[in-house]
1. Only one of B:411, B:395 is surrounded by fewer than 20 Cβ atoms within 10 Å (Cβ to Cβ) and within 24 Å of residue B:317 (Cα to Cα). Can you tell me which?
2. For residue B:128, are the conditions met, namely being more than 10 Å from chain A (Cβ to nearest Cβ), open to solvent by 70 Å² or more (accessible area, probe 1.4 Å), within 16 Å of ligand 1 (Cβ to nearest atom) and out of contact with any Cys (no Cβ under 8 Å at 6 or more places or on another chain)?
3. Taking the conditions exactly as written (more than 8 Å from chain A (Cβ to nearest Cβ), buried (at least 18 other Cβ atoms within 10 Å of the Cβ) and within 17 Å of residue B:150 (Cβ to Cβ)), does residue B:202 satisfy them or not?
4. State the number of residues belonging to the range A:117-147 that are β-branched (Val, Ile, Thr) and crowded, with 17+ Cβ neighbours inside 10 Å.
5. Please work out which one of (1) more than 16 Å from ligand 2 (Cβ to nearest atom); (2) in contact with a Leu (Cβ under 9 Å, 6 or more places away or on another chain); (3) open to solvent by 70 Å² or more (accessible area, probe 1.4 Å); (4) in a loop (DSSP other than H, G, I, E, B) is the condition residue B:98 fails and give its number.
6. I'd like to verify a number: residues in the range A:8-53 that are small (Gly, Ala, Ser) and more than 30 Å from residue A:143 (Cα to Cα), how many?
7. Could you list all residues from the range B:240-260 that are out of contact with any His (no Cβ under 9 Å at 6 or more places or on another chain) and within 8 Å of ligand 4 (Cβ to nearest atom)?
8. I'd like the residue in the range B:429-462 that is touching a strand residue (DSSP E or B) at 6+ places or on another chain (Cβ under 8 Å) and assigned to a helix (DSSP H, G or I) and, out of all such residues, is modelled with the highest pLDDT.
Amino acid sequence: MASQNKRIAKELAECTTSPPAGITITLPNDSDLHRWHVTLAGPDNTVYAGGQFGLIVTLPVDYPFRAPVVTFATRIYHPNVTNDSLGNVCLGPLKAENWKPSTRLAGVLEAVRALLVEPQPDDPLEARIADEFRQDRAEFEKNARAYVVRYAKGPVKFDAAVGAAAAGAEAAGGAATGAAVVRP
Amino acid sequence: MDTDDDFMSNLSSEDDMLPDDSDNDVSGDEDFGFDDEPDVYIDSQKDIGQRKKTPFDVSYKVFQPQDVQKQQDELIDEVNMILTIAKEEAAILLRYFRWNKERLIEQYMDRPSQVLEAAGLAQTTAGPPKLRTIPGFTCDICCEDEPGLQSFALKCGHRYCVDCYHQYLSQKIKGEGEAARIQCPAEGCTLIIDARSLDLLVTSELTERYHELLHRTYVEDKETLKWCPAPDCQNAVECRVKKKDLDQVVPTVACLCGYRFCFGCILNDHQPAPCQLVKKWLKKCADDSETANWISANTKECPKCNSTIEKNGGCNHMTCRKCKHEFCWMCMGLWSEHGTSWYNCNRFEEKSGTDARDAQAKSRVSLERYLHYYNRYANHEQSARLDKDIYHKTEKKMVLLQKESGMSWIEVQYLNSASQALQMCRQTLMWTYAFAFYLKRNNLTEIFEDNQKDLEMAVEALSEMFEKPIAELADPKLKVEIMDKTSYCNKRRVILLDDTAQNLADGAWSFNIEFMNSTSNSGPST
Ligand SMILES: [Zn+2]
Ligand SMILES: [Zn+2]
Ligand SMILES: [Zn+2]
Ligand SMILES: [Zn+2]
Ligand SMILES: [Zn+2]
Ligand SMILES: [Zn+2]
């Protein structure tokens, strides 16, 4: 357990001191290294530019031997993200058969960002959006931009339950700002 | 399954890499080159020749665990000799090539280094695997760097501490059930961990599970082999019927343990209905379970006096205890009409379909039609169970009877044969109704329904005799009648299955739905 925390702490330190492009990381609860809140800026020259997307990264207890779970807390119009409040995302390296314990979270987050730059319509979670992406790009871009305006402007809201938990922790343990936590 | 698919696509991309490879049809092709594989099991061909008698029989062979192990060992030894590589490597290569020895040897002869790399056996010089302690080493997985940390690396040189290796392997083996294709833990490294390295890194308990999984992959990798699905049975069955043939044949096999199952879909024997119809039927029944629930109930009301009647045997000939009315449990019609030329209990009269003009009436007719077939399907399923109960009860009584009547155990075995015939025939009858539900009427359906009727009448008659009180069963005359009826039932079953299987093979049936195998190749099957 201790050694796993050593690995996670090291990754967190790396991610906060030299974060991947467009990415900021916070811990909603300082004492829980297994839940990260990530804010991802919509990459320039994409339909997502100008949006701020919240990602929730959950590390299983046996991380890094099992893959982390990444979900979108902000609604996004994208072929590879479920168009619902769950925000599940399909990412190759996170599948059990592909996951390697040496894979770093920074790399995973970069892969999520790459997915916004280049959606993968051939491996979709939303088949309809994937079809639209392939066949009617203008319509897709219009819809994606409309989602950005509607959901991804202003400060990122992570889901209500997590927010409540974090608020509870703050109330109990004082201000939740630690060395490893960077406010966007 | 995901891993399998990925594996297949790996292999196919590998094929693209090797351009002058003559047969490029590996991935997605169900045959996977088994056709050109010379027959390893020559003696099985003899068995098959003897066994194949009727159109509905498929040839197959049952292997016990030691046979399965021996086959693997022989293949590994052969590759080890021919290619002069270590046995561990031969095993990894064979698994990579899904145990297609010829293909492996051919490709290895052509370009050994590419084959080794593709299979995760990058070639560098290395002795036997061993643990090492390296000064200044930091494990990249757990970030530990304490002095004296024991570590291990495969030929690729990606080094991790023993603890991390242990956890990684335990997650793969215990958590994911993976064995044959566990890669080096380094990101992007495809080198596969061989059995000897693994033995060095994990506890004996994990090693055991690992070898068990390896053993299983041999059967799972081969399209011609399947595990017997019976609980606690460790046998494997070999059958050469391919996936794409499943719309033409219902490959039913019987394991040495006595379990009869379909090689195509691993479900219980479902002749004469083809796998895809069975799948559709079961889904429909599950979706409509509410509607159909009342049918499978054990009690119904007497159609004449409305008193409640409970069914406690397999026989469908019911006699109301109160008013003595005799009726059929399935159609609730007069029993006296059954067994005469008036008998049409098994046939659904489509007449009302033409009268139905509005959508509501049409949907009622289609529901009635479904209920007609479902009713009979569920009924035979239930009757098979009840017949079995009766047999178990009877079996006990027969022990007593032996003492009184002086009959020997051998002499009462006719009841066992009758019981088995009832189970088997009911199982077949049950699926004839699912089959008939999807059948479009043509000149063949009449013959089918006649066969179904004949079998059903024979089964009901046998079932009725079988339920007679013990005292009557001891009568030698009834014994002869039961024996005759038993063999008659078995004969009728064979006739029905022969006819349906032959028409299926000839493509002579027409169905009211599309049920062609979605995974099948569209070309003519051979
Ligand atoms: Zn380690
Ligand atoms: Zn490696
Ligand atoms: Zn068996
Ligand atoms: Zn089947
Ligand atoms: Zn009555
Ligand atoms: Zn009837």
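1. Every option except B:395 fails the conditions.
2. no
3. Criteria met by residue B:202.
4. 1
5. Tallying (1) more than 16 Å from ligand 2 (Cβ to nearest atom); (2) in contact with a Leu (Cβ under 9 Å, 6 or more places away or on another chain); (3) open to solvent by 70 Å² or more (accessible area, probe 1.4 Å); (4) in a loop (DSSP other than H, G, I, E, B), residue B:98 fails exactly one: (3).
6. 4
7. B:246, B:251
8. So the residue we want is B:448.
The values are calculated or read from the model by the stated rules, or taken from the named source; none is laboratory data. None of these values were measured; they are calculated from a predicted model. Heads up, the Cβs are rebuilt from the backbone with ideal geometry, glycines too, and the neighbour counts pull from every protein chain shown. Ligands, DNA and RNA are stripped out before the accessible areas are found, and what is left, the full protein with its side chains, is counted by its heavy atoms. Shrake-Rupley method; radii C 1.70, N 1.55, O 1.52, S 1.80 Å.
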